[in-house]
Amino acid sequence: MKKEPIKVKELGASVRAGNFEEVVLGYNEESALAEASRCIQCKNPVCSTGCPVGVDIKKFIYHITQKDYKSAYFTIREKNNFPSICGRVCPAEYQCRKTCILTKKGELFASENSINIHFLERFVGDYGMKNNLQVPQSRDDKPFQSKVAIVGSGPAGLCVAGELARRGIKSVIYEALHKTGGVLRYGIPPFRMPRDILDFEINYLKNLGVEVVLNSIIGKVESLEELSNRFSAVFLGLGAGVPSFLGINGENLCNVYSANEFLTRVNLMGAYKFPKYHTPINVGKHIGVIGGGNTAIDAARVALRLQKMNGIDLDTTLYYRRTEVEMPARRLEIEHAREEGVKFKFLVQPKEFTGDDKGNLQKFECLECRLGDPDSSGRRRPVPIEGSDFESDCDVAVVAVGLNANEILTSVTPDLKLDKWGDVIVNKDTMETSIKGVYAGGDIVGGEGTVIEAMSMAKRAAKAIIEYVLNQ
């Protein structure tokens, strides 16, 4: 008899919409064993090809079925430095689960019957964390005298630091903000990425000897050239922290936020706990979020929680210019947002924001769209319908239509070659930049903008850095 997928436990929608507690509660041992038993242990598994870092999925799931969680943990850690993080935020329905043999060919997303690989990975990662399992270091007989500088403590920078630490190579992370984690901390809300999980992984690196310097903006306090003179190699994990905007009238009105500012105020600076935390944020009666990616979904779910926590009737709407099928956001997050009360308006494109006589946002005008021919992304292009204008009440808007490269360092480093978007150009095999001994990865070099993709680039960079240091 065909086994049904084991559902993961979650907080009830009405409860979770009023707080920032983790929504997905994960598998317990019984559920993990039941889900792992669904894996048919293919002779030629293709699921690992869907994982950007190539985790041996078949092997770690087999270990779960044998209740050998320690071996499962070390199997994952051979490829993935942060299983508890990736098990929570990886877009599995586009990656490993989509390549599972239980997903039929031609399906846009993973089948509901495909193995819940991400939830099993999370279970194993959390087991390793709770039992303080230590990944052994592979040190050479002769200690390394070299030091590597890492600029940015997001997923790429943290992954490089971990890879180097496992080889006994000292690294120093320079973080511009007052807390580590990069987009993992300021971009992803606590209800998706609990801070104790993130803090554990970062403290684990510190215990391996990784040094962290906070409040240090490389490009301001020190140039890349100066850094290169002090270190054997440098890795740039600068991220993409400059928000994109719509380029329409009224975007400079009060209460029009970029998603970057909105989420940073809440996630990093605790605005949802104001006045206990001193960073405020305006909470509207009619909140509009523009965009269709994970950042837009995060912003909408945060906005809705702020309304409920402040006793405001829930009215948060996400506007997207294509249909739900074309949304790049995770299917799970879309489902969670809808369950919590976020409204969706598809095939809609903002045209203009309008405000009152004090300069505060009041409404915005939209156009209805239809789908035309596919664009360079392969998705059908939204085409505005002439004469379809309509207005929506909106006193707080969050624009979540993408991010651009951070230019603080690149703008003062002329030898660092960039592409037309301002991203750092690298050798895709080694992740080395145009400057010898300087490597880069993560959002600053473009890519899919996912944690696991950043880690894939970081692992390539770390391998090249180790070889470079060995040959010095």
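The values are calculated or read from the model by the stated rules, or taken from the named source; none is laboratory data. Being a predicted model, the structure only gives us computed values, none of them experimental. Virtual Cβ from ideal backbone geometry, glycine too; neighbours counted across all protein chains shown.
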Please enumerate the residues belonging to the stretch 103-127 that are surrounded by fewer than 18 Cβ atoms within 10 Å (Cβ to Cβ) and either without any contact (Cβ under 8 Å) to a residue 40 or more places away in the chain or at positive phi (or both).
-> 104, 105, 106, 107, 111
Among the residues of the stretch 418-433, is there at least one that is part of a strand (DSSP E or B), closer than 20 Å to residue 184 by Cα and of a type outside the set (Phe, Trp, Tyr)?
-> no
Restricting attention to the stretch 353-377, and to residues there that are touching a residue at least 40 places away in the same chain (Cβ under 8 Å), in contact with a Lys or Arg (Cβ under 9 Å, 6 or more places away or on another chain) and surrounded by fewer than 19 Cβ atoms within 10 Å (Cβ to Cβ), which single residue is farthest from residue 292 (Cα to Cα)?
-> 355
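Taking residue 239, is it buried (at least 20 other Cβ atoms within 10 Å of the Cβ), in a strand (DSSP E or B) and in contact (Cβ under 8 Å) with a residue 60 or more places away in the chain?
no
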Being under 22 Å from the mean Cα position of the chain (by Cα) and within 12 Å of residue 81 (Cα to Cα) narrows it down to one of 202, 188, 173, so name that one.
-> 202
Might you check whether a residue that is outside any helix (DSSP H, G or I), over 18 Å from the mean Cα position of the chain (by Cα) and of a type in the set (Phe, Trp, Tyr) occurs anywhere in the stretch 215-236?
-> yes
Kindly check whether there is at least one residue in the stretch 13-33 that is in contact (Cβ under 8 Å) with a residue 40 or more places away in the chain, hydroxyl-bearing (Ser, Thr, Tyr) and in a loop (DSSP other than H, G, I, E, B).
-> yes
Does residue 61 satisfy the criteria of being outside the structural domain of residue 197 (by TED's automatic domain parsing), touching a residue at least 40 places away in the same chain (Cβ under 8 Å) and not in a loop (DSSP other than H, G, I, E, B)?
-> yes
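Which ranges mark the strands (runs of 3 or more DSSP E) fully within the stretch 305-361 that have 2 or more residues being of a type in the set (Lys, Arg)?
Per the criteria, 343-346.
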Kindly establish whether residue 420 is more than 23 Å from the chain's Cα centre (by Cα), surrounded by fewer than 19 Cβ atoms within 10 Å (Cβ to Cβ) and not assigned by TED's automatic domain parsing to the domain that holds residue 248.
-> yes
What about residue 250, is it over 23 Å from the mean Cα position of the chain (by Cα), under 30 Å from residue 381 (Cα atoms), surrounded by fewer than 21 Cβ atoms within 10 Å (Cβ to Cβ) and not assigned by TED's automatic domain parsing to the domain that holds residue 192?
-> yes
Which one of these is in contact (Cβ under 8 Å) with a residue 12 or more places away in the chain, outside any loop (DSSP other than H, G, I, E, B) and over 22 Å from residue 193 (Cβ atoms): 397, 458, 454?
-> 397
Considering only residues that are of a type in the set (Ser, Thr, Tyr) and out of contact with any His (no Cβ under 7 Å at 6 or more places or on another chain), look in the stretch 70-94 and name the one that is farthest from residue 188 (Cα to Cα).
-> 73
Residue in the stretch 348-363 that is in the same structural domain as residue 393 (by TED's automatic domain parsing), farther than 26 Å from residue 111 by Cα and either under 24 Å from the mean Cα position of the chain (by Cα) or of a type in the set (Ser, Thr, Tyr) (or both) present | yes
Exactly one of 382, 350 is within 14 Å of residue 327 (Cα to Cα) and either surrounded by 10 or more Cβ atoms within 10 Å (Cβ to Cβ) or modelled with pLDDT under 95 (or both), and that residue is 382
Filter result for residue 225 (farther than 30 Å from residue 355 by Cβ and either modelled with pLDDT under 95 or in contact with a Cys (Cβ under 8 Å, 6 or more places away or on another chain) (or both)) | no
On the given criteria, is residue 448 at pLDDT 95 or above and surrounded by fewer than 20 Cβ atoms within 10 Å (Cβ to Cβ)?
-> no
For residue 453: the one exception among (1) on the phi > 0 side of the Ramachandran plot; (2) modelled with pLDDT under 95 = (1)
Looking at the stretch 183-233, which of its residues are among the charged types (D, E, K, R) and farther than 30 Å from residue 340 by Cα?
-> 206, 211, 220, 222, 225, 226, 230
Quick one: is residue 299 in a helix (DSSP H, G or I) and either within 22 Å of residue 403 (Cα to Cα) or in the same structural domain as residue 281 (by TED's automatic domain parsing) (or both)?
-> yes
Leading residue by the ranking (surrounded by the most Cβ atoms within 10 Å (Cβ to Cβ)) among those in the stretch 169-188 that are more than 13 Å from residue 465 (Cβ to Cβ) and touching a Lys or Arg at 6+ places or on another chain (Cβ under 7 Å) | 185
What is the one condition in (1) among the hydrophobic types (A, V, I, L, M, F, W, C); (2) closer than 30 Å to residue 335 by Cβ; (3) out of contact with any Phe, Trp or Tyr (no Cβ under 7 Å at 6 or more places or on another chain) that residue 221 does not satisfy?
-> (2)
